[in-house]
Ligand SMILES: *[C@@H]1O[C@H](CO)[C@@H](O)[C@H](O)[C@H]1NC(C)=O
């Protein structure tokens with residue numbers, strides 16, 4: 001009896017969340033800035049679809065010009081060349097052309113979880129690239145962001161940083177929508193049902209990475225459907241500095 005009630009309850013909640021998600025994903029622009037160009041920074045190929053699919057699809061829906069900069073080829077298991085191609089295909093599946101994807105293969109940025117990347121070097125690479133890649137106002141980027149890098153989106157008015165959630169919320173999939181809605185955030189991107197399929201297609205381009213636990217991730221991770229992000233701006237930085 002109780003099991004039936006729980007099952008029906010979850011199904012109803014799921015249905016309500018999917019309707020809500022579709023309504024949210026059709027909404028007008030969510031970002032409070034008009035800058036067209038955006039640059040997504042990621043650490044490894046597959047971060048773009050495992051963590052950022054809702055953001056990417058949301059930014060494209062807003063007609064932004066998107067570029068992706070990946071700081072390593074993911075060469076830890078000597079699959080660098082394969083993973084590079086997978087990244088290109090995955091971005092194409094998400095709607096980003098190969099010409100807008102840049103992959104860095106730098107001796108000093110090894111794909112090794114035990115090596116801490118030098119943020120000055122990342123900043124230098126970004127500075128060198130950004131003039132040729134995208135034209136956005138890099139002065140709008142707060143100083144403290146210079147230590148974060150991978151896992152953020154540079155956009156004219158500041159930097160969007162992906163909010164990480166605890167392990168329980170992480171695997172709630174769509175049912176995390178009420179939580180994501182209630183928690184404070186600056187920007188919320190959700191995908192529609194069709195876009196979720198698109199995100200899964202992109203993930204399938206990363207054949208070398210599709211181990212069983214990633215398939216489970218694909219089904220249950222809320223990052224495949226929901227991205228909540230904080231917008232760091234220079235004004236906020238200054239306020240925080242004054243307050244401290
Ligand atoms: C790719 O980059 C070009 C040049 O910056 C830009 O015009 C175009 O909109 C970008 N494509 C996408 C899908 O963002």
Residues of segment 77-99 satisfying the condition of being within 16 Å of the ligand (Cβ to nearest atom) and in contact with a helix residue (DSSP H, G or I) (Cβ under 9 Å, 6 or more places away or on another chain): 87, 88, 89, 90, 91, 92, 93, 94, 95, 96, 97, 98
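Would you confirm whether or not segment 208-216 contains a residue that is under 16 Å from the mean Cα position of the chain (by Cα), part of a helix (DSSP H, G or I) and within 26 Å of residue 86 (Cβ to Cβ)?
Here is the first cut: in segment 208-216, the residues under 16 Å from the mean Cα position of the chain (by Cα) are none.
No; the residues of segment 208-216 include none that is under 16 Å from the mean Cα position of the chain (by Cα), part of a helix (DSSP H, G or I) and within 26 Å of residue 86 (Cβ to Cβ).
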Qualifying positions in segment 48-68 - surrounded by fewer than 23 Cβ atoms within 10 Å (Cβ to Cβ) and closer than 19 Å to residue 218 by Cβ: 50, 51
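Within segment 224-238, is there a residue that is assigned to a loop (DSSP other than H, G, I, E, B), in contact with a strand residue (DSSP E or B) (Cβ under 9 Å, 6 or more places away or on another chain) and modelled with pLDDT of 90 or more?
Taking segment 224-238 as the starting set, the residues that turn out to be assigned to a loop (DSSP other than H, G, I, E, B) are 225, 233.
With the extra rule that they be in contact with a strand residue (DSSP E or B) (Cβ under 9 Å, 6 or more places away or on another chain), the set shrinks to 225, 233.
Then keep just the ones that are modelled with pLDDT of 90 or more; that gives 225.
Checked segment 224-238: at least one residue is assigned to a loop (DSSP other than H, G, I, E, B), in contact with a strand residue (DSSP E or B) (Cβ under 9 Å, 6 or more places away or on another chain) and modelled with pLDDT of 90 or more.
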Condition met for residue 210 (farther than 18 Å from residue 178 by Cα and surrounded by fewer than 22 Cβ atoms within 10 Å (Cβ to Cβ)): yes
Filtered residue count, segment 49-76, keeping only those that are within 16 Å of the ligand (Cβ to nearest atom) and either touching a helix residue (DSSP H, G or I) at 6+ places or on another chain (Cβ under 6 Å) or not in a helix (DSSP H, G or I) (or both): 14
Where a residue in segment 52-76 is within 14 Å of residue 101 (Cα to Cα) and touching a residue at least 40 places away in the same chain (Cβ under 8 Å) and its partner, wherever it lies, is more than 8 Å from the ligand (Cβ to nearest atom) and part of a helix (DSSP H, G or I), with Cβ under 6 Å and at least six apart: 56/94
Residue match in segment 1-13 (condition: away from the ligand (no atom under 16 Å from the Cβ), surrounded by fewer than 16 Cβ atoms within 10 Å (Cβ to Cβ) and touching a residue at least 40 places away in the same chain (Cβ under 8 Å)): yes
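Among the residues of segment 96-112 satisfying the criterion of being without any contact (Cβ under 8 Å) to a residue 12 or more places away in the chain and assigned to a loop (DSSP other than H, G, I, E, B), which is farthest from residue 128 (Cα to Cα)? Show your work before the answer.
The first filter runs over segment 96-112 and keeps only residues without any contact (Cβ under 8 Å) to a residue 12 or more places away in the chain, leaving 97-99, 107.
Checking the rest, the ones that are also assigned to a loop (DSSP other than H, G, I, E, B) come to 97, 107.
Values: 97: 21, 107: 17 Å.
Restricting to residues being without any contact (Cβ under 8 Å) to a residue 12 or more places away in the chain and assigned to a loop (DSSP other than H, G, I, E, B), the top hit is 97.
The values are calculated or read from the model by the stated rules, or taken from the named source; none is laboratory data. Predicted model only: the values in this text are computed from it and were never measured. Backbone-built Cβ (ideal geometry, glycine too); neighbour counts: all protein chains shown.
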